[in-house]
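Asks: Let me begin by handing over the structure; questions about it come next.
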Amino acid sequence: MKVIVLGAGIVGVTSAYQLAKAGHEVTVADRQSAPALETSFANAGEVSFGYCSPWAAPGIPMKAMKWLFMKHAPLILRPKFDVAMLSWMARMLSNCTSERYAINKSRMLHLADYSRIALAELRAETSIAYDERMQGTLQLFRTQQQLDASAKDVKALAADGIPYEVLDRDGCIRVEPALKLVRDKIVGGLLTPKDETGDCFKFTNALAAKAEALGVRFTYGTTIKALDVEEGRMRGIITDRGRMDAEAVVVALGSYSPLLLKPLGIGLPVYPVKGYSLTIPISDVSRAPESTVMDETYKIAITRLGDRIRVGGMAEISGYTNDLGLARRSTLEHSVTDLFPGGDVSKASFWSGLRPMTPDGTPVIGPTKIKGLFLNTGHGTLGWTMSTGSARLISDLVGGRTPDIDARDLAVSRYG
């Protein structure tokens, strides 16, 4: 079929690659001048097959109240009269129950583990290099309360057969030797050894080149204005450069997906949640992390990417604004220098991106009520982690094949 993929971030590019491999004629449209220039540009670098959890969790409402008064808060809320924001927040709160958390986390782990297999196979067939490492994620606990609270995650990991290891202080230092300098600041950790790290920007650009070699056409600098639907069926898209014909369209526009779908009567509860990152050159390897350390207190990931450290995290709910707040930089600097002292944060580059979050934390993948219109969006903080598995799913669904895993509970129809 003639397929148009909307969006050239990690989700859009992996989708285009898989669709081209399946024999489709694929075009990717994006408003930017090259791949991965928005949310995929400088994310935390985690490929978290085991460390993936919904933000909507039991106890989060109470924690959120406390976080609002913290100097270095993992959550920043800038409320305003925005129906989409208020509706999204209400739905998220409704998912903050033990029952919903277990369901949503299981969905996420299922897709993430499928993505782990897909990424390994894609890496083997393409030989793409992207500062990749396969040394796991260490969720680091500074308090005994945090360590005790990890029991619910351990239960979910065990139920889905995901490898894990609960570590004491010495165990954490064995995995991340640089932590010996701050051993008194930690009590333990949860290691998910199958997790990986890598530069999402490098990977996306390298895969885009591979996709072009398969015949995928990228049309950059193209603004998508509307979807062209006739008698309940996709006919193409309308752009600022004119109309483009298509038999199928895959919407992978991240946070901007709901804005395009709303005129068609498709209510997609995806809302932008801004994250921030620092990229710091490593000046002393002995003081740098080996893989990813997730600072549970501040919800900040500290990741080794070749000769750099990527420090990423926080969740700012402030709409479609992408300004760089200096207070957010201060939080990132505090976390990394507190656990890995000695680095020169003055040389760091500062970035922010809008993560497309669903209220339940799981992405939206699959068909819509309009024939030929498919969604692959709403991955939140886990677009890099889930991209390769999501791409396989969407390629199978577009082609009318039965996917390797059941994706029915990821469809937009789950929202009614």
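The values are calculated or read from the model by the stated rules, or taken from the named source; none is laboratory data. Fair warning: this is a prediction, and the values are worked out from it, not measured in the lab. Note that we place each Cβ from the backbone using ideal geometry, even for glycine, and neighbour counts take in every protein chain shown. Areas reflect the complete protein model, heavy atoms only, side chains present, ligands, DNA and RNA absent. Shrake-Rupley method; radii C 1.70, N 1.55, O 1.52, S 1.80 Å.
Asks: What number of residues in region 360-381 are of a type in the set (Gly, Ala, Ser) and assigned to a strand (DSSP E or B)?
Replies: Quick first cut of region 360-381, residues of a type in the set (Gly, Ala, Ser) only: 361, 366, 372, 378, 380.
Add one more test, that the residue is assigned to a strand (DSSP E or B), and what stays is 366.
Of the residues in region 360-381, 1 are of a type in the set (Gly, Ala, Ser) and assigned to a strand (DSSP E or B).
Asks: So, one more: Can you find, within region 118-148, the residue that is farthest from the chain's Cα centre (by Cα) among those that are touching a residue at least 12 places away in the same chain (Cβ under 8 Å) and over 20 Å from Glu46 (Cα atoms)? Spell out the reasoning first.
Replies: Step one: of region 118-148, the residues touching a residue at least 12 places away in the same chain (Cβ under 8 Å) are 118-119, 122, 126, 128-144, 146-147.
With the extra rule that they be over 20 Å from Glu46 (Cα atoms), the set shrinks to 126, 142-144, 146-147.
Working: Thr126: 22, Arg142: 25, Thr143: 27, Gln144: 28, Gln146: 23, Leu147: 24 Å.
Filtering region 118-148 for residues that are touching a residue at least 12 places away in the same chain (Cβ under 8 Å) and over 20 Å from Glu46 (Cα atoms), the one farthest from the chain's Cα centre (by Cα) comes out as Gln144.
Asks: Within region 153-163, restricting attention to residues that are part of a loop (DSSP other than H, G, I, E, B) and open to solvent by 50 Å² or more (accessible area, probe 1.4 Å), which residue is modelled with the highest pLDDT? Even if it seems obvious, please write down each step before you answer.
Replies: Keep residues of region 153-163 that are part of a loop (DSSP other than H, G, I, E, B), which gives 160-163.
Narrowing further to those that are open to solvent by 50 Å² or more (accessible area, probe 1.4 Å): 160-161, 163.
On the way: Asp160: 86, Gly161: 90, Pro163: 94.
Going through the qualifying residues, I end up with Pro163.
Asks: Also, quick follow-up: Cβ-Cβ under 6 Å, sequence separation 6+ or interchain: first residue in region 10-28 and acidic (Asp, Glu), partner crowded, with 24+ Cβ neighbours inside 10 Å. Which pairs?
Replies: From region 10-28, no pairs qualify.
Asks: OK, next. From the set of residues in region 17-35 that are in a loop (DSSP other than H, G, I, E, B) and of a type outside the set (Gly, Ala, Ser), which is farthest from Met244 (Cα to Cα)?
Replies: Step one: list which residues in region 17-35 are in a loop (DSSP other than H, G, I, E, B), which gives 22-24, 30-35.
Those still in the list that are of a type outside the set (Gly, Ala, Ser) too: 24, 30-32, 35.
Details: His24: 16, Asp30: 13, Arg31: 15, Gln32: 18, Pro35: 20 Å.
Applying the filter and picking the extreme gives Pro35.
Asks: Okay, next question. Condition check: modelled with pLDDT of 95 or more and out of contact with any strand residue (DSSP E or B) (no Cβ under 8 Å at 6 or more places or on another chain). Does Lys274 satisfy that?
Replies: Numbers: modelled with pLDDT of 95 or more: yes; out of contact with any strand residue (DSSP E or B) (no Cβ under 8 Å at 6 or more places or on another chain): no.
For Lys274, the condition - modelled with pLDDT of 95 or more and out of contact with any strand residue (DSSP E or B) (no Cβ under 8 Å at 6 or more places or on another chain) - is not met.
Asks: Collect the residues in region 228-249 that are among the small types (Gly, Ala, Ser) and either modelled with pLDDT under 95 or part of a loop (DSSP other than H, G, I, E, B) (or both), keeping them in residue-number order.
Replies: So the first thing to find is which residues in region 228-249 are among the small types (Gly, Ala, Ser), and the list is 232, 236, 242, 246, 248.
Of everything in region 228-249, those that are among the small types (Gly, Ala, Ser) and either modelled with pLDDT under 95 or part of a loop (DSSP other than H, G, I, E, B) (or both) turn out to be Gly232, Ala246.
Asks: May I pose another question? Working only within region 130-152, note down all residues that are surrounded by 15 or more Cβ atoms within 10 Å (Cβ to Cβ), of a type outside the set (Lys, Arg) and not in a loop (DSSP other than H, G, I, E, B).
Replies: Within region 130-152, Thr137, Leu138, Gln139, Leu140, Phe141, Gln146, Leu147, Ala149 meet the criteria.
Asks: Now for a different question. Please go through region 56-105 and pick out each residue that is under 24 Å from Val311 (Cβ atoms), in a loop (DSSP other than H, G, I, E, B), touching a residue at least 12 places away in the same chain (Cβ under 8 Å) and not charged (D, E, K, R).
Replies: Scanning region 56-105 gives Ala57, His72, Ala73, Pro74.
Asks: Kindly evaluate Thr222 against the criterion of being under 28 Å from Phe203 (Cα atoms), assigned to a loop (DSSP other than H, G, I, E, B) and open to solvent by less than 10 Å² (accessible area, probe 1.4 Å). Write out each step before concluding.
Replies: Working: under 28 Å from Phe203 (Cα atoms): yes; assigned to a loop (DSSP other than H, G, I, E, B): yes; open to solvent by less than 10 Å² (accessible area, probe 1.4 Å): yes.
Here the answer is yes, as Thr222 does meet what is asked.
Asks: Restricting attention to region 250-268, which residues are assigned to a helix (DSSP H, G or I), of a type outside the set (A, V, I, L, M) and open to solvent by 40 Å² or more (accessible area, probe 1.4 Å)? Show your work before the answer.
Replies: So in region 250-268, the residues assigned to a helix (DSSP H, G or I) come out as 254-264.
Add one more test, that the residue is of a type outside the set (A, V, I, L, M), and what stays is 254-258, 262-263.
Within region 250-268, Tyr256, Lys262, Pro263 meet the criteria.
Asks: Looking at Ser387, Ser352, can you tell me which residue is crowded, with 18+ Cβ neighbours inside 10 Å, hydroxyl-bearing (Ser, Thr, Tyr) and in a strand (DSSP E or B)?
Replies: Values: Ser387 fails: in a strand (DSSP E or B).
Among Ser387, Ser352, only Ser352 is crowded, with 18+ Cβ neighbours inside 10 Å, hydroxyl-bearing (Ser, Thr, Tyr) and in a strand (DSSP E or B).
Asks: Further question: Return the pair list, or none, for Cβ contacts closer than 6 Å from residues in region 360-371 that are at positive phi to residues that are of a type in the set (Phe, Trp, Tyr), at least 6 apart or on different chains.
Replies: Gly361/Trp55
Asks: Let me ask something additional. Anything in region 281-340 that is among the acidic types (Asp, Glu), open to solvent by 40 Å² or more (accessible area, probe 1.4 Å) and part of a helix (DSSP H, G or I)? List them, or say none.
Replies: Answer for region 281-340, where residues must be among the acidic types (Asp, Glu), open to solvent by 40 Å² or more (accessible area, probe 1.4 Å) and part of a helix (DSSP H, G or I): just Glu333.
Asks: I've got another one for you. Given the criteria modelled with pLDDT under 95, in a helix (DSSP H, G or I) and surrounded by 18 or more Cβ atoms within 10 Å (Cβ to Cβ), does Leu122 qualify? Outline the logic, then answer.
Replies: Details: modelled with pLDDT under 95: no; in a helix (DSSP H, G or I): yes; surrounded by 18 or more Cβ atoms within 10 Å (Cβ to Cβ): yes.
No; evaluated as a whole, the condition is false for this residue.
Asks: For region 38-63, give me the residue count where each residue is open to solvent by 30 Å² or more (accessible area, probe 1.4 Å) and either among the polar types (S, T, N, Q) or farther than 14 Å from Gly383 by Cα (or both).
Replies: So the answer is 9.
Asks: I need the full set of residues from region 359-378 which are open to solvent by less than 10 Å² (accessible area, probe 1.4 Å) and under 23 Å from Asp396 (Cα atoms), in order please. Even if it seems obvious, please write down each step before you answer.
Replies: Applying the first criterion (open to solvent by less than 10 Å² (accessible area, probe 1.4 Å)) to region 359-378 yields 359-360, 362-366, 373, 375-378.
Matches in region 359-378: Thr362, Pro363, Val364, Ile365, Gly366, Leu373, Leu375, Asn376, Thr377, Gly378.
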